[in-house]
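Some notes on the structure that comes next.
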Amino acid sequence: MIDKSDIKIERLSDAEAPRFLEFADRATLRSLASVRVTGRVAVGQTYLCAVYLDRVIGCTSWYESCRRSYVDLDGVTVQPTSVYLCSSEVLPEYRGMGVGGMLYEQRLADCSREDAPAPALMVEILGRGTPMSVDDGARPGLVWHLAHGFEIVGYSQEEDAGPVLARAVPTADASRRDAAGSRPALR
C-alpha cells in the first residue's frame, strides 16, 4: 500500500516527457498508441500525471476546446464545442488505491473554472459496440462522472458506441443559482 500523500499530481511538462513516455509504454490505453509510436504527446492536449517516487504511475488528459460529434438522446447527430475529457489510466499495480480519483478530481477542478473556453465538459465512456453499452472496465469511470454532476446526453459515433456524458461549466451567475438549488443548464 502506498501513502497518497507521496503522490503528486502534476501537469506534464517537457521535463516529465521521458517519465511519461515510460508510462505510455506500459499503459494499455488505445489513445496513447500514437504517443508510443511517435514518442510525443498530442498537440493541444493537456496531460495530468500522477507521480510516485519520481515515476509516472497514472495520467488523464483533455482538450480545452474541441468539437466532437455524437448522437443525442433524440437520435440527432450533434457537434458541440466542449472541453473534451480524454482517457485516464493508472498502472495496474497502483489501481484501487485512490490514484485515479485523485487524477479525476484535479482534472475536474482544472476544467471547471469559470473562464473555461467551452461551456461544457464532455466525456465518452468506452462501450461494447452497441449504442449506450458500457465496457466493464469503463464502468467505474461512468459511475464517477454520474456522481459528479455529469448526465448522459447520447452515445459515441465511434465503433464502441459508448455513452457520452456532459456537465455544464458553471458561470458566476449559474453558480449562484446552483447554490440556491437549481442546476445550471448546458450553454
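Since every read-out is calculated from the coordinates, none of them should be taken as a lab result. As the structure is a computational prediction, the values presented were derived from the model and not from experiment. Note: ideal-geometry Cβ built from the backbone for every residue, glycine included; neighbour counts use all protein chains shown.
Which one of Ser65, Gly127, Tyr94 has its Cα pushed farthest toward the positive end of the charge dipole of the chain, where Lys and Arg give +1 and Asp and Glu give -1 at the Cβ?
Of the options given, the answer is Ser65.
Just how far, in whole angstrom, is region 1-65 from region 105-141 if you go by their alpha carbon centroids?
18 Å
Divide, for the chain, the radius of gyration over alpha carbons by 2.2 N^0.38 Å, where N is the residue count.
Dividing the Cα Rg of the chain by 2.2 N^0.38 Å gives 1.04.
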